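What follows is a single structure, written as structure tokens, with notes after it.
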Amino acid sequence: MRNIWAIYKKEMRSYFISSIAYVILFIFSLISGYFFFAITATYSKMSFDYGQMPYYQGLLNIEEFVVRPLFSNLGVVMLFLIPMLTMRLVAEEKGSGTLKLLISYPVRDIDVLFAKYLAALSMLVAMLLLTFPVPLFLFLYGNPELGPLLSNYLGLFLLGGAFIALGIFASSITERQVVASVLTFGALILFWVINWAQELTELNLGIILEDLSIFTHFENFTKGIIITHDVVYYVLFTVFFLFLAYTALQSRSWRSN
């Protein structure tokens, strides 16, 4: 645990010394604030327009018209920001040669990987904490249900954790940070839209593509539904790409021997 803690602190310092943390947190806060403003303004206008029509007024609810579109959009924003968060984690040390020095210490590769994943995950938690004005505003001026809000936050956390795992794997197979970022972004886009081809394929293949889609599993969380299958998908997705990253680190150790 001492090694993990030491590497974790080093990674967190690197985030803030290089200003990446400030830029990502600022951009995420700015965009999430803009989306929240635009979506709530649209919801307020619809509530006003349908004020004299009880039937349509009854169809309007905060969870469906504010919370769900907001968190769906935040998932897309993370698609762009997470690759910038993970691109330097291993690639920078490989490019500068410090990774060779690091693995020469009595530190296990799994410790290095786990500490770097925890550091990126901490940044993700910081991003989510910065959205605290959203539930605060909703509870002050509306009457939202707590369950769907928690479901959306859980979905966004699992989604981000899966993105980070894939990003660390991409960073572990190249020495160039830009290449790692592009690889991560391209792979995430593929996993996001892979179910679009399901109608063009046979039934069984279509079901597989639908189940592989990272967006399909996120969609249930935005509806306020927590399904075990979706949670298991994200856990397996994360473990699988962390395992690939671990294998990439191990292969480097084997080659150096």
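The values are calculated or read from the model by the stated rules, or taken from the named source; none is laboratory data. Predicted model, so just to flag it, every value in this text is computed and none were measured. Neighbour counts run over all protein chains shown; Cβ positions are idealised from the backbone, glycine included. Heavy atoms of the whole protein, side chains included, go into the accessibility calculation; ligands, DNA and RNA do not. Shrake-Rupley method; radii C 1.70, N 1.55, O 1.52, S 1.80 Å.
Odds and ends about this structure:
- Structure-based [θ]222 nm, the chain - -39500 (n - 2.57) summed over DSSP H runs of at least 4, per residue, nearest 500: -26500 deg cm²/dmol
- Mean Cβ neighbour count within 10 Å, used as a protection proxy, ranking 78-85, 31-38, 207-214 highest first: 78-85, 207-214, 31-38
- Full-stretch length increase - Glu175, Ile17 - with 0.36 nm per residue and alpha-carbon distance subtracted: 54.8 nm
- Element breakdown for the chain at a 1.4 angstrom probe: carbon and sulfur atoms account for 69% of the accessible area.
- Angle in degrees between helix 68-86 and the longest Cα principal axis of the chain, rounded to the nearest 10: 20 degrees
- Nearest 10 degrees, 0 to 90: helix 2-17 Cα axis against the chain principal axis: 60 degrees
- Most to least accessible of Arg13, Arg2 (protein chains only, probe 1.4 Å): Arg2, Arg13
- The stretch 132-189-the stretch 106-130 distance, computed between alpha-carbon centres (Å): 14 Å
- Taken about its Cα centre, the stretch 1-66 carries a charge dipole of roughly 600 debye when the Cβ of each Lys and Arg holds +1 and the Cβ of each Asp and Glu holds -1.
- Where the chain is the region considered: accessible area per residue in Å², 1.4 Å probe: 53 Å²
- Order of exposure, largest accessible area first, which applies to Val112, Val125 with probe 1.4 Å: Val125, Val112
- Accessible area of Ile27 (1.4 Å probe, protein heavy atoms only, ligands and nucleic acids ignored): about 60 Å².
- Relative contact order %, the stretch 1-99, counting alpha carbon pairs below 8 Å whose residues are six or more apart: 32 percent
- Net charge in the neighbourhood of Phe221 (other residues with Cβ under 15 Å of its Cβ; Lys, Arg +1, Asp, Glu -1) is -3.
- Listed by chain and number, the lysines whose alpha-carbon sits under 23 Å from that of Lys116, ignoring those within fewer than 8 places in the same chain, are Lys9, Lys10, Lys94, Lys100.
- Val77-Thr42 pseudo-label distance in nm [points 7 Å out on the Cα-to-Cβ vector]: 1.5 nm
- Straight-line reach from Lys223: taking Cα to Cα under 19 Å and skipping same-chain neighbours fewer than 8 places apart, the aspartates and glutamates in range are Glu63, Glu64, Glu145, Glu210, Asp211.
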